[in-house]
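See below for the structure under consideration.
Every read-out reported here was derived from the displayed coordinates using simple, explicitly stated rules and does not represent laboratory data. Here the structure is a predicted model, which is why all the values come from computation and not from measurement. Glycine gets a Cβ as well: all are built from the backbone with ideal geometry, and neighbour counts include every protein chain shown.
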Amino acid sequence: MSSPGPKPPAAGSAGSGPHHGPNLLPYFLILFGCSAGLASIIVLLAELRDQLGFSEYGIGLAIASGFGAAFVASLVMAPHADRGRAPLMLRSGLVLAVVSMVVLAIGDDLWHYVFGRALFGFALGTAGPAARRTVIVADPLNLGRNLGRLGAWDVGGFVAGPVITAGLAAIGGFRFTFWTMAATLALLLPIAFRAQPDAATQDEKRLGFRGLLRIRRLIGAFFVVAAYFVFIGAFEAVWVLEMDTRGASQTVLGVALTAGALPIALLSPIGGTLAQRYGARRWAIGTLGIIMVIVIFWGIVPGIIGLIALTVATSVIEGLGFPSTPMLVAAAVTEDRQASAQGLMVAVEVATGSVAALVTSAVYAAHGDTVAWAATAVTMGLLLSIGAILTRPDDRRPVRPGIPTDPTRRPFR
């Protein structure tokens, strides 16, 4: 590698062997619950706008506050997971998520929802890097499969959340929904206390983020991540509001979000395995390139059914590519720096998503969904092109699938 920094990547290098790490189920379940809580917030955005009189920009501000808080949390908390504190971070994130739901349940003014969404973002930014670190180092030779399973549980919560939210909102409104989600997340606390630290190499020198931003391939992976989260931020800010504008009911919104997210949960483990076999770089750039093209048509196809159909088609591609971006990040750093690198990745995700949510909501309010989605696609293409250049291996030699080789070389094929 031409740029200085830690030699990438020892985590999963040939001969290191798998770590017999901790039980991953607590990490999977906590992310499942938090994702369901996040989905409930997204589904209820239109109802908050209608019942409490929030503007589109106010909704975008609340979403952006969540991204911003997750950004801060990922930078402050992630290095601690590399020092054996992943279980504590998982428990702390869950507690913050419960408190956030309580704030959302009792709030009346916009600042209540900005604060509540920010608190939930901080919870995700704390628990996420801890879970990823543990899953990555538990068995590096099966990195793609394990990250795919983590993604399946993560997105599975997003799949279940809208259906649950639609039913709860029909029974008792948005406040009852948030109270119920708070109680449900609290029930996961005993499971969180069963989480154990991993046995992999830790950051004993307390390096944290030092030197990471000098690794060219890591920076390239971050550009690929940013391309994806331009789409995610735009989706959070615009999709539900546009469905509401087109006349979708709360029930239709819940069902549509579930149908749109289900392929990601189902296909993510398969996508992770295929990405590790054929090359996560090629997989990530290819799937995001397809998504970029489909997104252009989101603002062109009329009606509710057309938008739902395109959303489902997009999620199929997302499911196949979902684990490939964290794989690129994981393969660029050594074992003892995994959480720090994943924390920086989360920071890139939420910073990009925050800006995308604010900008796209403003564009949508001024020019409508056609211009908003076209701008999203163009931005994705620019970031993806830069990421493809920076993650290109120096020798540019492909790795043929099925041929035994260093598994850390394969992600950059």
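Note on ASP336, ASP109: ascending count of other Cβ atoms within 10 Å places them as ASP109, ASP336, the fewest first. Between [x] 24.1, 77; [y] 43.8, 164; [z] 20.0, 60, which entry matches Rg and Dmax of the Cα atoms in Å as derived from the coordinates of this structure? So the structure-derived entry is [z].
Rounded to the nearest 10 degrees, the angle from helix 25-43 to the longest Cα principal axis of the chain is 30 degrees. Since only LEU104, PRO79, GLY60 are under comparison, the one whose Cα sits farthest along the positive direction of the charge dipole of the chain, derived from C-beta charges on Lys, Arg, Asp and Glu, is PRO79.
In degrees, nearest 10, range 0 to 90: what is the angle between the Cα axis of helix 56-81 and the longest Cα principal axis of the chain? Taking the Cα atoms of the chain, the angle to 56-81 is about 30 degrees.
The amide H of ARG85, built 1.01 Å from its N in the peptide plane, has no neighbour under 5 Å, considering only residues 5 or more places off or on other chains. Only helices enter the 222 nm calculation for the chain: every DSSP H run of n ≥ 4 contributes -39,500 (n - 2.57), and dividing by all residues gives -25000 deg cm²/dmol, rounded to 500. Taking other C-beta atoms within 10 Å as the exposure proxy, PHE176, PHE222, PHE122 rank PHE176, PHE122, PHE222 from fewest upward. With neighbours defined as other Cβ atoms within 10 Å of a residue's Cβ, the residues PHE71, PHE28 order from fewest to most as PHE28, PHE71. Angle of helix 280-298 to the longest C-alpha principal axis of the chain, folded into 0 to 90 degrees and rounded to 10: 20°. So, R0 is 30 Å and r is the distance between the beta-carbons of ILE171 and PHE209; what FRET efficiency does that work out to, to 0.05? Efficiency at R0 = 30 Å is approximately 0.05. In this calculation the C-beta distance from THR245 to ILE106 is compared with R0 = 25 Å, giving a FRET efficiency of 0.30.
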